[in-house]
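Notes to accompany the following structure.
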Amino acid sequence: ERERLQEMARHKTSMAVYLSAGDPEGVARELLQGGYPGDTPVVVAYRVGWPDERILGATLDTLQATVTREEITRQAVFLILPGQDEEPAFSRLYSRDFEHGFREAHKE
């Protein structure tokens with residue numbers, strides 16, 4: 001039960017969903033019910049590494065239509081990428097001027 005997409009979606013992290021190209025509507029429904037917004041970006045990677053490879057962009061709202069239009073029924077992975085459209089946030093963990101309980105900042 002805890003491995004259902006709906007449960008994993010509650011974390012709202014990026015994820016890769018394999019073996020689901022035959023049911024894109026079900027994948028989108030589970031992820032939406034788990035809390036992702038409909039405009040969450042999805043990359044559909046079809047037959048990666050093969051001559052007929054295709055990399056397609058979609059959202060959870062358009063996933064089923066995209067997969068149906070492109071006639072993808074197998075050999076695909078869906079990359080669910082929340083936050084892709086937001087401004088990047090960079091970690092300061094390794095910045096020279098950042099200090100924490102185990103390291104002093106470098107003063108120049």
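Find the residue count for the range 38-85, including only residues that are at positive phi and either under 12 Å from the mean Cα position of the chain (by Cα) or open to solvent by less than 30 Å² (accessible area, probe 1.4 Å) (or both).
1
What are the residue pairs meeting all of these: first residue in the range 23-37, first residue under 23 Å from Glu71 (Cα atoms), second residue aromatic (Phe, Trp, Tyr), Cβ atoms under 7 Å, and 6 or more apart or on different chains?
That search, which allows pairs on different chains as well, returns Val27/Phe78.
The values are calculated or read from the model by the stated rules, or taken from the named source; none is laboratory data. A quick note: this is a predicted structure, and the numbers were derived from the prediction, not measured. When we count neighbours, we look across all protein chains shown, and the Cβ atoms used for this are built from the backbone with ideal geometry, even at glycine. Ligands, DNA and RNA are stripped out before the accessible areas are found, and what is left, the full protein with its side chains, is counted by its heavy atoms. Shrake-Rupley method; radii C 1.70, N 1.55, O 1.52, S 1.80 Å.
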